[in-house]
1. All but one of (1) within 16 Å of the ligand (Cβ to nearest atom); (2) of a type outside the set (Phe, Trp, Tyr); (3) not in a helix (DSSP H, G or I) hold for residue 31; state the number of the condition that does not hold.
2. Out of curiosity, is residue 77 out of contact with any Asp or Glu (no Cβ under 7 Å at 6 or more places or on another chain), assigned by TED's automatic domain parsing to the domain that holds residue 33 and at pLDDT below 95?
3. Hey, any hits in region 259-271 for a residue that's in contact with a Gly (Cβ under 7 Å, 6 or more places away or on another chain), closer than 16 Å to residue 178 by Cβ and in a helix (DSSP H, G or I)?
4. Could you tell me whether any residue of region 58-71 is within 16 Å of the ligand (Cβ to nearest atom) and at pLDDT 95 or above?
5. Among the numbered conditions (1) away from the ligand (no atom under 16 Å from the Cβ); (2) under 25 Å from the mean Cα position of the chain (by Cα), tell me where residue 81 comes up short.
6. Select, from 128, 98, the only residue that is touching an Asp or Glu at 6+ places or on another chain (Cβ under 6 Å) and under 16 Å from residue 21 (Cα atoms).
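The values are calculated or read from the model by the stated rules, or taken from the named source; none is laboratory data. Here the structure is a predicted model, which is why all the values come from computation and not from measurement. Every residue, glycine as well, gets a Cβ built from its backbone with ideal geometry; the counts of neighbours run over all protein chains shown.
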Amino acid sequence: MTSDGRIPQSIVIYGEKGLGKKKLASYIAQRLLCTGDNPPCNGCHACRMLTGGGHPDFIKVVPSLKSGGYKLDEDLRRVVSDAYIAPSEGRVKVYLIADMDKTPQGSQNALLKLIEEPPAHAVIILTASAREYFLPTVLSRVTALSMKSVTGEQAIAYLKETTDKSEQEICDAVKAMGGNIGRCIEFFESKPLKKAVEVTTLMAQAIEQKNEYDMLRAMWKCDGNRELCVTVLGLLMQVLRDAAMIRMGVGERLIGCSEENSRRLGAAFSERKLTALCEICEKYIAAVNGNSNLTLCLNAVCADIRLCI
Ligand SMILES: [Zn+2]
């Protein structure tokens, strides 16, 4: 699309954390704002502003709520009125409203008219970790792009080229995070992510053994830490999804952090049960993000899983 010069004006980019949604949005902005002959040229004034920290026509909307959510009036309606004002430097203005996950879906209605018929100079990019975070009325008005992970080999090759980590560190990261390059990079430095992988592995083992007590023991490690809980449930979903893929005989492109456990789960449970388990994880990710009582959620997710298996 960018090489044809046919970049849509309303775009949704979705995919889990670490896959490069904001990177893609920045690339689109640079393609549009670059004034060189061969965009993105990385040499013109606009490109230098973009890579140097800011271009007045690439507006990354900052959420007002502490939770990371956007406020209807302060954030979203302000974008709508601002979008009708001409760009200050370039010929277009690009708005990035990232991580819509924590904003009530209903607020998206404020953007409908804008994304349906944006002014000629405006491009609006929305991102979230899953397509389901967007209203159908939004999705029907935008070009929706889904981000996918690369293969493990591609991730290893890329990380060798772009980081100074040892081969062992790179292999460990890719083993845990698969072809999600952003997550691999995070894994190098992040103790919380290493902990999340540890809890996920314990959970996967406990599920395979149908041991509710071990499930609770694993999940209680997330008590008092919503973010850890959401990460664990997200990672667990990937392990379960891989298990279902293995079960169906299409296990060549796994994304989860524990192939060994995915194989065991794939051998232990039917495809239907694995799908139902994924749905339980999804339900509790939404509940924990939605500020439900965390301790109750930790107990309830284990009980639901136990009932299901
Ligand atoms: Zn340029």
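1. (3)
2. Working: out of contact with any Asp or Glu (no Cβ under 7 Å at 6 or more places or on another chain): yes; assigned by TED's automatic domain parsing to the domain that holds residue 33: yes; at pLDDT below 95: no.
No.
3. Within region 259-271, one or more residues are in contact with a Gly (Cβ under 7 Å, 6 or more places away or on another chain), closer than 16 Å to residue 178 by Cβ and in a helix (DSSP H, G or I).
4. yes
5. (2)
6. Criteria check complete, one pass: 128.
Conditions tested, residue by residue: (1) assigned to a loop (DSSP other than H, G, I, E, B); (2) within 16 Å of the ligand (Cβ to nearest atom).
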position	(1), (2)
16	yes, no
23	no, no
27	no, yes
75	no, no
86	yes, no
94	no, yes
101	no, no
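Residues checked against (1) of a type in the set (Phe, Trp, Tyr); (2) out of contact with any Phe, Trp or Tyr (no Cβ under 6 Å at 6 or more places or on another chain); (3) at negative phi; (4) outside the structural domain of residue 34 (by TED's automatic domain parsing):
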residue	(1), (2), (3), (4)
69	no, yes, yes, no
81	no, yes, yes, no
85	no, yes, yes, no
94	no, no, yes, no
154	no, yes, yes, yes
